[in-house]
Amino acid sequence: MTALSTRADLAVRGIRGLDAPVRRRSGAGPSDDGHVLIGGFGGAIPVRSDSPYEVSGNRLLMNGTDLGIDIEPVRRPKFYDLQTAEGVSYEKIARLHGSNVLATTVVQTCIRYDADQRCRFCSIEASLAAGSTVAVKRPEQLAEVAEAAVRLDGVSQMIMTTGTSAAKDRGARHLVRCVAAVKAAVSDLTIQVQCEPPGDLSSITELFAAGAESIGIHVESLDDEVRSRWMPGKSTVPLGEYRAAWREAVRVFGRNQVSTYLLVGLGEDPNELVAGAEELIGMGVYPFVVPFRPLAGTLAVDEDGAQAPSAALLEDVTSRVAKALWAAGMRGADQKAGCAACGACSVLQNAGG
Ligand code: SF4
């Protein structure tokens, strides 16, 4: 397995001139990356012209020296070449992440996208503005694309995330309809849903009953000062609401089928970040620790000039969280679907988490 220090360095410094047919340029969550297999593990690696890393043949080089690590790009999936009867490219409805995950943002707009409310690291509406996706994915469109992705490309799990809607359920009800439609078309495709804590916790049971196997309720940081600085809109949802939603989700979905993102590099004290991750693990919630990624088109880059965290900080936090996960018997690979199961945006799997 690739050493944790090298994998952490790659996660923040990226690869120069990476020629990867499966890429994300903007959207919800981490983007501006190319998807590769590094020593057999999935990696969603930033593409950066200032990186000392590059790929030659199928080997990773640093400053021209072969590191002895195999790396291969994820191939372009066949389903990208199809379109719906109305002429919408499947690629605009759902995308391949890593080598086996189908990912979609079912509603590509967010009520929190005004400049004074928006999460400063997010570019969810940029891919919509660029015409590379459609605003709302209909359940039957997702079912059609999922069926093709499973049949043609061997996709084994699906992630449905959503921008936050103005309704009380914050978007959960549309997710319920999407999950049910996909499950009716491809029953053995495991699905993770991702949403804010739904105002009515019964939505969590509805998501499970529709067929979702795991759920991500992403807080990004457990530090209220960091939350209000980086996520002015989203931080108005109190941490108490997150804790209630996580508890209910663990009750419904089971231990280690619930996860949350924790971003490294927002300025939080690392010891507090690790302590917060340990609290989550104690609740049965998997803390998916990922480096903050400065993306072009986000307020973090355009206004704040924010930088990625150091590889040393990422390695330190990741190794401590992985140790706590290990002690609790929680592994990302044991999640039935979702980012923790994929692992490509984190380095936790390289640390044994
Ligand atoms: S970890 Fe999540 S966001 Fe990252 S590539 Fe995998 S599925 Fe996509």
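The values are calculated or read from the model by the stated rules, or taken from the named source; none is laboratory data. Quantities reported herein were computed from a predicted structural model and do not represent experimental measurements. We place every Cβ from the backbone using ideal geometry, glycine too, and count neighbours over all the protein chains shown.
Which of (1) of a type in the set (Lys, Arg); (2) within 20 Å of the chain's Cα centre (by Cα); (3) over 30 Å from Gly233 (Cα atoms) is the odd one out, the single condition Arg120 does not satisfy?
Result: Arg120 passes all but (3).
Of everything in the stretch 300-320 that's crowded, with 19+ Cβ neighbours inside 10 Å and at pLDDT below 95, which residue is nearest to the ligand (Cβ to nearest atom)?
Only one residue fits best here, namely Ala308.
Go through the stretch 1-79 and tell me which strands (runs of 3 or more DSSP E), entirely inside it, have 1 or more residues that are among the hydroxyl-bearing types (Ser, Thr, Tyr).
Those strands (runs of 3 or more DSSP E) span 53-56, 65-73.
Filter the stretch 321-353 down to the residues that are more than 10 Å from the ligand (Cβ to nearest atom) and closer than 15 Å to Gln192 by Cα and list them by number.
Ala333, Asp334, Gln335, Lys336
If I go through the stretch 122-163 residue by residue, how many of them are touching a Phe, Trp or Tyr at 6+ places or on another chain (Cβ under 9 Å) and closer than 22 Å to Thr298 by Cβ?
Number of matching residues: 4.
Exactly one condition in (1) more than 15 Å from Lys168 (Cα to Cα); (2) modelled with pLDDT under 95 is false for Ser187; which is it?
Checking Ser187 against (1) more than 15 Å from Lys168 (Cα to Cα); (2) modelled with pLDDT under 95, the one that fails is (2).
Those residues that are crowded, with 18+ Cβ neighbours inside 10 Å, within 15 Å of Leu189 (Cα to Cα) and in contact with a strand residue (DSSP E or B) (Cβ under 9 Å, 6 or more places away or on another chain), I need them from the stretch 135-170; list them, please.
Leu142, Val145, Ala146, Ala149, Val150, Asp153, Val155, Gln157, Met158, Ile159, Met160 - these are the residues of the stretch 135-170 that are crowded, with 18+ Cβ neighbours inside 10 Å, within 15 Å of Leu189 (Cα to Cα) and in contact with a strand residue (DSSP E or B) (Cβ under 9 Å, 6 or more places away or on another chain).
Given (1) at pLDDT 95 or above; (2) outside any helix (DSSP H, G or I); (3) under 24 Å from Tyr113 (Cβ atoms), identify the lone condition not met by Asn256.
(3)
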